[in-house]
Amino acid sequence: MAVSVFGELLITAGLVLGLFVVYSLWWTNVLADRKADQQGDKVRDTWAQKDTGPGALDTKDGIGFLHVPAMKSGEVLVEKGTSAKILNDGVAGYYTDPVKATLPTSGKTGNFSLAAHRDGHGAQFHNIDKLRKGDPIVFETKDKWYVYKVYATLPETSKYNVKVLSAIPKESGKKKAGHYITLTTCTPVYTSKYRYIVWGELVRVDDVDSARTPPKELG
């Protein structure tokens, strides 16, 4: 009898664990994608209004969209902050702490540093390891396309290594001020032990036309 009860408990525990995995790796993606789509629609609706003025929409609804063809994640809404509450909505967030990101719309030199989940909650940076030197990273705002090209990656570093977010990311090999972008996420896959880093450098800025024709890098 004791063996039978113990066996049933093991089966129940296995089912519960299986359901938790399904929830974490699939259902949270569904919910996050739905939320991100809703927020993204709000941003584009706001951009369509004639009285919004030029520049990025720096509100809780998002400031623009990230396009990274090599990651095959479609457009990714970018919002302010990197807390779990923000990233769990299936977006990428730009750092405000411990190192403040420099927004490309400011025109200043610095590092536009971003974070997103790699698994669950939209998993927008799941394929970050597919990025290679020369791959495009495009940031879309209301009136500009900011086109970056990947120049360096760091497959594994401590989650406490904030130097990768520096205005001049020296760990990437840069020694002078410039216009950089940094993508960060957890690694290895399905863990949060370390961080995976990708650095890019701005190569040009295109105006957005009325048809919002994407740069050639996005096809």
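Couple of notes before you dig in:
- Amide hydrogen proximity for Leu77: with H placed 1.01 Å from N in the peptide plane, the residues at 5 or more positions away or on another chain lying under 5 Å are Leu66, Ala92.
- Couplings 3J(HN,Hα) of region 160-174, computed from phi: 9, 7, 7, 5, 5, 9, 4, 4, 10, x, 5, 5, 8, x, 7 Hz, in residue order, whole Hz [Karplus 6.51 cos²θ - 1.76 cosθ + 1.60, θ = phi - 60°; x for Gly and Pro].
- Cβ-derived FRET efficiency at R0 41 Å, Asp143 paired with Tyr194, nearest 0.05: 0.65
- Couplings 3J(HN,Hα) of region 191-201, computed from phi: 9, 10, 5, 10, 10, 9, 10, 10, 10, x, 10 Hz, in residue order, whole Hz [Karplus 6.51 cos²θ - 1.76 cosθ + 1.60, θ = phi - 60°; x for Gly and Pro].
- 5 angstrom amide H check on Gly178, placed H, neighbours 5+ away: Gly110
- Partners for Lys149 among aspartates and glutamates (Cα-Cα distance below 19 Å; same-chain residues under 8 apart left out): Glu75, Asp129, Asp135, Glu140, Glu171, Glu201, Asp206, Asp207, Glu217
- Among residues other than His179 with Cβ under 12 Å from its Cβ, the summed charge is +4 (Lys and Arg +1, Asp and Glu -1).
- Extension reserve of the Thr109-Lys175 stretch, reckoned as 0.36 nm per residue once the Cα distance is removed: 22.5 nm
No lab work stands behind these numbers, since they all come straight from the coordinates. These figures come from a predicted structure and were not determined experimentally. Because the Cβ atoms are built from the backbone with ideal geometry, glycine has one as well, and the counts that use them run over all protein chains shown.
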